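A short worksheet on the structure shown next.
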Amino acid sequence: MHCPFCQHIDTRVIDSRVSDDGATIRRRRVCEACGERFSTLETIELKLPLIIKSDGRREAFDARKLRSGFDRALQKRPVSEEQIETAVRAVVHHLRMTAERELDSRRVGEYVMAELRKLDHVAYVRFASVYRSFEDVADFREVLDRLEHDNATEGQLPLIEDEPAPTKSRKR
């Protein structure tokens, strides 16, 4: 590695430390020519597939767009930043595991919906309504019915509570 101070081609690593998250290595270096010290960060670079948009365009995967989609769906929902980051990492992991050079944006959307469904059902329905271009209330009802059915089989609480029976008002 070239020295950033004198551009000499010979630098020596004097210390290496793995970051807390295990994703990067911090290396402390010294230049053999000028004696200056500096740090470098080493990260794994994995190529993610190109995303094929619905209009046929191809663009590089952008994790910021992915995070933005999660943030919009989860706006004002009781989900922590840590949970969102875990979900984003899970989608990126799915993309890496496909081992494909190009991937249809619909598949990315399916991965996002699967993660949102685990996190928050309201966010899942929000995302699905845009992603699947719901036309009317029947489309919402279909998704809610499917969620209700799945919750009943998993023993989770219902999404929509049954309406309470009307109470009789007392005359005084």
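The values are calculated or read from the model by the stated rules, or taken from the named source; none is laboratory data. What you see is a predicted model, and the numbers here were worked out from it, not measured in a lab. All Cβ positions, glycine included, derive from the backbone under ideal geometry; neighbour counts span all protein chains shown.
Miscellaneous remarks
- Yes/no for Ile44 being among the β-branched types (Val, Ile, Thr) and either surrounded by fewer than 10 Cβ atoms within 10 Å (Cβ to Cβ) or more than 26 Å from Asp21 (Cβ to Cβ) (or both): yes
- Residue, surrounded by the most Cβ atoms within 10 Å (Cβ to Cβ), within segment 10-32, restricted to residues that are acidic (Asp, Glu) and not in a strand (DSSP E or B): Glu32
- Residues (in contact with a Ser or Thr (Cβ under 8 Å, 6 or more places away or on another chain) and over 19 Å from Ser105 (Cα atoms)) located in segment 39-51: Leu41, Glu42, Thr43
- Only one entry of Glu59, Glu85, Glu81 meets the criterion of being acidic (Asp, Glu), surrounded by fewer than 11 Cβ atoms within 10 Å (Cβ to Cβ) and in the same structural domain as Ala114 (by TED's automatic domain parsing), and that entry is Glu81.
- Any hit, segment 33-52, residues being among the small types (Gly, Ala, Ser), touching a residue at least 40 places away in the same chain (Cβ under 8 Å) and not in a helix (DSSP H, G or I): no
- Of all residues in segment 96-112 being among the aliphatic types (A, V, I, L, M) and surrounded by fewer than 18 Cβ atoms within 10 Å (Cβ to Cβ), the one that is modelled with the highest pLDDT: Met97
- Test: residue in segment 74-97 that is in a loop (DSSP other than H, G, I, E, B), in contact with a Leu (Cβ under 9 Å, 6 or more places away or on another chain) and basic (Lys, Arg): yes
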